[in-house]
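Quick notes on the structure that follows.
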Amino acid sequence: LTHKRYPVQRLPFSVVSEEDLAAFERMVPGRVITDPEELEASNVDWLRTVRGCSKVLLRPRTSEEVSRILRYCHERNLAVNPQGGNTGMVGGSVPVFDEIILSTALMNQVISFHDVSGILVCQAGCVLEELSLHVEQRDFIMPLDLGAKGSCHIGGNLATNAGGLRFLRYGSLHGTVLGLEVVLADGTILGGLTSLRKDNTGYDLKQLFIGSEGTLGVITAVSILCPPKPKAVNVAFLGCPGFAEVLQTFSSCKGMLGEILSAYEFMDAECMQLVGHHLQLASPVQESPFYVLIETSGSRAEHDAEKLSNFLEQVLGSGLVTDGTLATDQRKIKALWALRERITEALSLDGYVYKYDVSLPVERLYDLVTELRARVGPLAKHVVGYGHLGDGNLHLNVTAEAFSASLLGELEPYVYEWTAGQQGSVSAEHGVGFKKKDILGYSKPPEALHLMQQLKALLDPKGILNPYKTLPSRA
Ligand code: FAD
Ligand code: MLT
Ligand code: ZN
């Protein structure tokens with residue numbers, strides 16, 4: 001069997017039989033979904049660009065149930081697609097053919113929270129925003145935040161090693177995660193829900209599963225360190241006359257705001273047009289070629305306000321910034337963040353979206369957008385750049401009325417070659433999934449790819465976990 005749209009062959013896994021369904025019904029009674037209408041939403045990704053044809057979705061509640069399911073699938077040689085909130089951007093969250101969908105939707109229990117250490121232990125299916133509310137009531141925050149917070153699961157965040165809007169301040173999940181519980185392909189439960197800040201007892205195995213996109217094991221629970229909730233939060237939204245000024249503003253900001261800086265995001269003028277047109281969000285500042293969102297998080301409002309006002313005086317006075325607005329109250333802060341967070345949604349309303357998520361040296365980061373815009377000309381509706389500038393992470397997106405192979409030919413491999421030319425990464429934070437698996441060679445040497453294959457074979461010898469994803473297809 002060959003996939004209708006993509007050049008990929010179904011591997012010789014078993015096909016789910018009536019006996020299999022009966023066995024699943026015994027393992028997770030009433031939580032075996034086979035109704036095609038109910039399955040539809042789980043067979044297609046958020047961007048609506050990849051679609052599988054799974055006939056069954058399972059909703060376990062506990063790690064033991066996940067273990068029983070995987071032990072059975074391993075014995076029967078049935079392929080499994082782990083799924084969280086299905087907000088992934090690289091087609092990793094949906095089946096390619098008829099893989100069984102293993103959803104964490106009902107694994108949504110908080111196990112414990114310690115208000116001195118800030119350590120949260122919870123199941124993998126907890127929705128990020130619900131965890132945020134849970135810990136905020138206790139004067140802590142989650143170390144990560146992203147536009148998909150209302151739907152994405154913490155397990156999906158871990159599996160993709162999501163970056164997001166707080167990365168600049170709190171760093172990667174590789175640092176904030178203290179422990180994981182994972183069910184391996186053969187059903188073995190690998191317990192490791194420790195709450196220790198320091199633990200050098202040999203290899204740090206949990207790191208292997210963070211960013212493994214469901215190909216090495218199913219993450220069932222996590223122990224994660226939450227920072228204290230900042231007492232004062234401010235957001236400044238600024239207009240800059242050019243990208244050089246965006247960079248200089250970043251430098252001044254690091255120098256003048258120092259330890260209270262918690263986000264430095266940027267978007268270009270076309271992004272602002274898109275959120276205006278599709279979401280009716282109005283720009284709070286004069287029209288500019290670039291916009292920057294700066295967030296500060298500190299422990300004393302007066303101290304932060306003073307620093308911020310000195311900074312604004314400096315950047316406005318020197319012409320780095322042409323117009324700006326400041327928010328200290330929750331409602332306005334949210335409104336300013338929405339301009340940046342909802343670009344993804346505006347793009348998806350614009351047509352077919354080609355998404356690139358690259359790490360580049362900041363000095364060259366926007367050159368890729370300018371060069372690509374000139375290259376594709378009228379073939380595209382929009383070529384936009386936005387992203388986590390403070391982390392050197394560009395989101396380069398191109399929209400068109402519909403999918404076009406000729407436009408794709410202009411975009412790829414150009415974007416990947418350009419990125420490799422800067423020693424950048426062809427996947428900064430979204431992962432590899434189904435869409436990017438054959439381009440890893442632009443950012444990783446063959447020896448590293450070979451070791452990835454060996455690790456996969458060791459942990460999942462039958463290859464039943466999220467097949468066709470993350471690892472380059474064998475030649
Ligand atoms: P899914 O999409 O369901 O799955 C993603 C991958 O993880 C798949 O390969 C799946 O098989 C695997 N997986 C899921 N759960 C498990 C599990 N328990 N065990 C093992 N494997 C599992 N990403 C960023 O990095 N930064 C952002 O700022 C950001 N913003 C976004 C904004 C929007 C509006 C949207 C739609 C997406 C955004 N993303 C962002 C993409 C991001 O990858 C996801 O939002 C999120 O991390 C995925 O979580 P999920 O629960 O939806 O996982
Ligand atoms: C973002 O930063 O907005 C997300 O990573 C989603 C996207 O790239 O569109
Ligand atoms: Zn992002």
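Some values worked out for this structure:
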| item | result |
| --- | --- |
| So Ala338, is it outside the structural domain of Leu389 (by TED's automatic domain parsing), surrounded by 14 or more Cβ atoms within 10 Å (Cβ to Cβ), within 20 Å of Gly387 (Cα to Cα) and touching a strand residue (DSSP E or B) at 6+ places or on another chain (Cβ under 7 Å) | no |
| Counted residues, region 242-274 - those being farther than 26 Å from Lys229 by Cα and in contact with a Phe, Trp or Tyr (Cβ under 8 Å, 6 or more places away or on another chain) | 9 |
| Pro467 vs. criteria part of a loop (DSSP other than H, G, I, E, B) and either at pLDDT below 95 or within 14 Å of ligand 1 (Cβ to nearest atom) (or both) | yes |
| Breaking point among (1) under 18 Å from Leu320 (Cα atoms); (2) surrounded by fewer than 21 Cβ atoms within 10 Å (Cβ to Cβ); (3) in contact with a Pro (Cβ under 7 Å, 6 or more places away or on another chain), for Ser252 | (3) |
| Matching entry among Ile141, Ile154 (being of a type outside the set (Asp, Glu), more than 16 Å from ligand 2 (Cβ to nearest atom) and within 21 Å of Arg340 (Cβ to Cβ)) | Ile141 |
| Filter result for Gly125 (more than 17 Å from Pro230 (Cβ to Cβ), assigned to a loop (DSSP other than H, G, I, E, B), within 13 Å of ligand 2 (Cβ to nearest atom) and small (Gly, Ala, Ser)) | no |
| Out of Gly351, Gly409, Gly421, sole residue that is more than 13 Å from ligand 3 (Cβ to nearest atom), closer than 17 Å to Leu47 by Cα, more than 16 Å from the chain's Cα centre (by Cα) and of a type in the set (Gly, Ala, Ser) | Gly351 |
| Region 413-464, residues that are farther than 24 Å from Gly52 by Cα, part of a loop (DSSP other than H, G, I, E, B) and not hydroxyl-bearing (Ser, Thr, Tyr) | Pro413, Gln422, Gln423, Gly424, Val426, Ala428, Lys444, Pro445 |
| Test: Pro241 is under 27 Å from Val116 (Cβ atoms) and touching a residue at least 40 places away in the same chain (Cβ under 8 Å) | no |
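The values are calculated or read from the model by the stated rules, or taken from the named source; none is laboratory data. Here the structure is a predicted model, which means the values were calculated and not measured. Positions of Cβ are backbone-derived with ideal geometry, glycine not excepted, and every protein chain shown enters the neighbour counts.
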